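Reading through the structure tokens given below for one structure.
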Amino acid sequence: MALFLFLIIVAIVLGLIGATVEGLFYLLVIGAVVLLADLVLFGVRWSRRSHRHHLMR
């Protein structure tokens, strides 16, 4: 969970810097990619936990 929160913070910071500083639009793109990757990894972990939990019942 700590890694998830850290990556969310990194994505937000990169996005803000990329959106506000001229010429650093690529940081906004990198921040968006990090955010999407983090959400996908969170979704995969969430689905594995819920799937495994149902099998135990």
Inset, instruction - Taking every pair of alpha-carbon atoms in the range 12-51, give the share separated by more than 11 Å as a whole percent. - result: 61
Inset, instruction - Using a Förster distance of 35 angstrom, determine the FRET efficiency expected from the C-beta separation of MET1 and VAL33, and round it to 0.05. - result: 0.95
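A short reminder: the numbers here are calculations on the coordinates, not readings from a lab. Computed from a predicted model, the values in this text were never measured in an experiment. All Cβ positions, even for glycine, are placed from backbone atoms using ideal geometry, and neighbour counts span all protein chains on display.
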